[in-house]
Each structure stands twice: as C-alpha cells, then as structure tokens.
Amino acid sequence: MKHLERVLIRLDSWPWMAVWRVALGLAILPVFRLLSGDRDSVWMFSALFLGLLVALRLVPLVLRRALPFSSEAKATWAERRFLAKRHDSYQWQKLFWIGLGLLPYALIGDGLRISEMLVTLICLLGGGAGLLLWRRVDAAQPQ
C-alpha cells in the first residue's frame with residue numbers, strides 16, 4: 001500500500017477521524033456564514049449542511065473511482081462501507097465529532113444562531129447516541 005493510501009485510511013480511523021471531523025466542525029460556521037451572506041436562515045443553514053454531508057459521501061466516491069488505489073486500500077474502504085450499510089450508528093457517530101467542532105461557537109463571539117444551534121444539537125445528540133451504539137456494536141465485533 002502506498003504512503004498516501006495509508007494516510008487516507010488512517011484519516012478514517014481512531015483518533016484521526018475524530019480530529020479531522022472536529023476541525024471540519026470548526027470550519028463550518030465561518031464558511032456557511034460567508035456563503036449565506038451572514039443571514040440567519042434555518043433553511044439556508046440546513047441546506048448547506050445537507051450539501052456538506054452529501055459532499056462528504058460523493059467526493060470519496062469520485063476519488064476512489066478516478067484514482068488508481070491498491071486492492072488492499074479498496075478492500076478496507078469496501079469493508080467500512082459495508083459496516084455503514086449494516087449499522088446506522090457507524091454513520092451517525094461521525095456527526096458527534098462535527099457537532100463537537102461546532103460547539104465552541106456557542107461559547108465564543110456572538111454565539112450560535114437558532115439554525116446553527118439546531119444543527120449542533122442534532123449532531124451532538126444524534127451523533128452521541130450513534131457513538132454509544134457504535135461502541136457497543138464495535139465491541140461485539142470479532143477482531
């Protein structure tokens with residue numbers, strides 16, 4: 001497996017999966033506020049967030065198909081996609097880390113707006129539940 005492939009695989013393994021998703025959560029609000037013209041709209045923020053989630057699924061898909069990755073890397077990613085299809089908690093737990101990245105904005109500056117607070121709470125509560133469920137599923141998996 002090439003060095004780049006190992007890096008990409010590690011990005012979706014503990015603890016790096018949490019680190020980069022928290023960093024993504026930290027970057028979301030400034031970018032979304034810029035894109036929305038600094039308007040507080042539940043629909044606009046929700047649409048941007050949904051677009052981000054779709055991009056997080058589509059970009060890796062396109063890259064996996066467009067770039068020549070080794071069969072070992074492809075097998076690792078296929079196994080993770082299989083887990084995601086079998087266990088919703090595998091996907092939901094990822095939202096927890098994004099919500100954790102959004103959380104500091106509730107404490108600093110002018111705080112979170114209603115739309116941002118709603119998405120943050122959904123990420124933290126839904127993602128937290130997914131994280132707890134995933135830990136139980138992952139612990140039950142044969143290693």
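The values are calculated or read from the model by the stated rules, or taken from the named source; none is laboratory data. These figures come from a predicted structure and were not determined experimentally. A quick note on method: Cβ atoms are made from the backbone with ideal geometry, for glycine too, and the neighbour counts reach across all protein chains shown.
Structural remarks
Listed here are the residues, each with its yes/no results for (1) touching a residue at least 40 places away in the same chain (Cβ under 8 Å); (2) of a type outside the set (A, V, I, L, M, F, W, C).
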{"site": "Leu8", "(1), (2)": "yes, no"}
{"site": "Leu11", "(1), (2)": "no, no"}
{"site": "Leu24", "(1), (2)": "yes, no"}
{"site": "Ala27", "(1), (2)": "yes, no"}
{"site": "Leu34", "(1), (2)": "no, no"}
{"site": "Arg39", "(1), (2)": "no, yes"}
{"site": "Leu58", "(1), (2)": "no, no"}
{"site": "Ala66", "(1), (2)": "no, no"}
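- The set of residues in region 106-127 being surrounded by fewer than 15 Cβ atoms within 10 Å (Cβ to Cβ) and assigned to a loop (DSSP other than H, G, I, E, B) consists of Ile108, Gly109, Asp110, Gly111.
- Taken together, Arg39, Arg21 contain a single residue that is on the phi < 0 side of the Ramachandran plot and outside any helix (DSSP H, G or I), which is Arg39.
- Residue check, Thr76 surrounded by 11 or more Cβ atoms within 10 Å (Cβ to Cβ) and without any contact (Cβ under 8 Å) to a residue 40 or more places away in the chain: no
- Candidate set: region 86-100, residues that are surrounded by fewer than 18 Cβ atoms within 10 Å (Cβ to Cβ) and among the charged types (D, E, K, R); chosen: the one nearest to Ala23 (Cα to Cα): Asp88
- Residue check, Pro60 surrounded by fewer than 13 Cβ atoms within 10 Å (Cβ to Cβ) and out of contact with any strand residue (DSSP E or B) (no Cβ under 7 Å at 6 or more places or on another chain): no
- Unique match (being in a helix (DSSP H, G or I) and either polar (S, T, N, Q) or without any contact (Cβ under 8 Å) to a residue 12 or more places away in the chain (or both)) among Phe82, Phe45: Phe82
- Residue check for Ala75: closer than 17 Å to Gly126 by Cβ and assigned to a helix (DSSP H, G or I): no
- Restricting Leu103, Leu52, Leu83 to residues that are at pLDDT 95 or above and surrounded by 14 or more Cβ atoms within 10 Å (Cβ to Cβ) narrows the list to Leu52.
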